[in-house]
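Let me begin by presenting the structure, written as structure tokens, before commenting on it.
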Amino acid sequence: MTFPFKSLIESLASPKGPGPSPTFSMFHIFYALELMAKKPIGRNKLAEKMNVGEGAIRTIINRLKDSGLIVTSKEGCILTEKGLSVWKNFEAVFPKRVEVGKTALTTSEYSYAFLVKNKGNKVKSGIDQRDAAIMGGARRAIVIVFKNGHLIIDSISDSLEKDFPEAADVILKDLKPEDNDVIIIAGAGKPLKAKRGAFAASWVLIGNDEKP
């Protein structure tokens with residue numbers, strides 16, 4: 001079974017009725033599912049990993065439960081069959097999500113990369129993705145398209161392998177892109193902000209009814 005997972009995640013993070021706006025975002029919904037997909041995880045550990053307060057984590061868990069994506073037990077929060085299906089949709093579109101070490105291109109204290117499958121044709125100048133990354137908490141971001149066997153950054157390099165060989169080696173090894181894939185690398189002073197920035201930039205590349 002497939003789900004229009006973008007609109008689902010956006011609805012889970014949106015305000016519900018009167019009252020204060022949520023203190024969490026789509027990134028937190030994504031990250032909660034990512035953590036639960038690895039193994040059951042308790043409420044306190046989840047809040048610590050995501051750096052959110054008790055009220056926010058309670059709301060996140062309740063919304064995921066109400067949507068049928070998770071159940072809770074003594075072991076912690078666990079994905080249901082529906083939750084696993086939604087997560088598989090995520091992984092089909094964002095199959096690689098990794099920390100990246102320092103190179104000539106990744107100079108921030110922490111850098112995090114997302115591989116977005118088959119969206120190279122949607123990248124114009126990369127400004128929209130960079131703006132989204134910064135809004136998401138990153139200090140900087142680079143948008144790379146893999147095309148005809150080369151890593152390309154608009155207006156900077158038609159072949160990172162030639163212009164930034166060390167960085168290209170790291171990217172190719174860690175992310176293993178295929179033709180028309182996009183790699184977004186966001187940098188920040190803290191790991192969570194780098195990951196959040198990479199997620200935000202990747203999110204704007206996909207439509208509301210993406211299916212693998």
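The values are calculated or read from the model by the stated rules, or taken from the named source; none is laboratory data. Just so it is clear, the model here is predicted, and its values are computed rather than measured. Cβ coordinates were reconstructed from backbone atoms using ideal geometry, including for glycine residues, and neighbour counts include every protein chain displayed.
Listing for the model above:
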quantity: Single match in Ser7, Ser14 (criterion: of a type in the set (Ser, Thr, Tyr) and without any contact (Cβ under 8 Å) to a residue 24 or more places away in the chain); calculated: Ser14
quantity: Output for the range 74-124, where each listed residue is of a type in the set (Gly, Ala, Ser), over 24 Å from Val145 (Cα atoms) and touching a Pro at 6+ places or on another chain (Cβ under 7 Å); calculated: Gly76
quantity: Selection within the range 123-144 - crowded, with 22+ Cβ neighbours inside 10 Å and either in contact with a Lys or Arg (Cβ under 9 Å, 6 or more places away or on another chain) or among the basic types (Lys, Arg) (or both); calculated: Ala133, Gly136, Ala138, Ala141, Ile142, Val143
quantity: Positions within the range 138-151 being in a strand (DSSP E or B) and over 15 Å from the mean Cα position of the chain (by Cα), in sequence order; calculated: Arg140, Ile144, Val145, Phe146, Lys147, His150, Leu151
quantity: Filter result (acidic (Asp, Glu) and within 21 Å of the chain's Cα centre (by Cα)) within the range 35-83; calculated: Glu48
quantity: Selection status of Val52, closer than 28 Å to Gly187 by Cβ and assigned by TED's automatic domain parsing to the domain that holds Lys195; calculated: no
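Residue-by-condition table, conditions (1) in contact with a helix residue (DSSP H, G or I) (Cβ under 8 Å, 6 or more places away or on another chain); (2) surrounded by fewer than 17 Cβ atoms within 10 Å (Cβ to Cβ); (3) modelled with pLDDT of 90 or more:
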residue: Thr2; (1), (2), (3): yes, yes, no
residue: Ser14; (1), (2), (3): no, yes, no
residue: Gly17; (1), (2), (3): no, yes, no
residue: Pro22; (1), (2), (3): yes, no, no
residue: Tyr31; (1), (2), (3): yes, no, yes
residue: Arg43; (1), (2), (3): yes, yes, yes
residue: Glu54; (1), (2), (3): yes, yes, yes
residue: Thr59; (1), (2), (3): no, no, yes
residue: Gly68; (1), (2), (3): yes, yes, yes
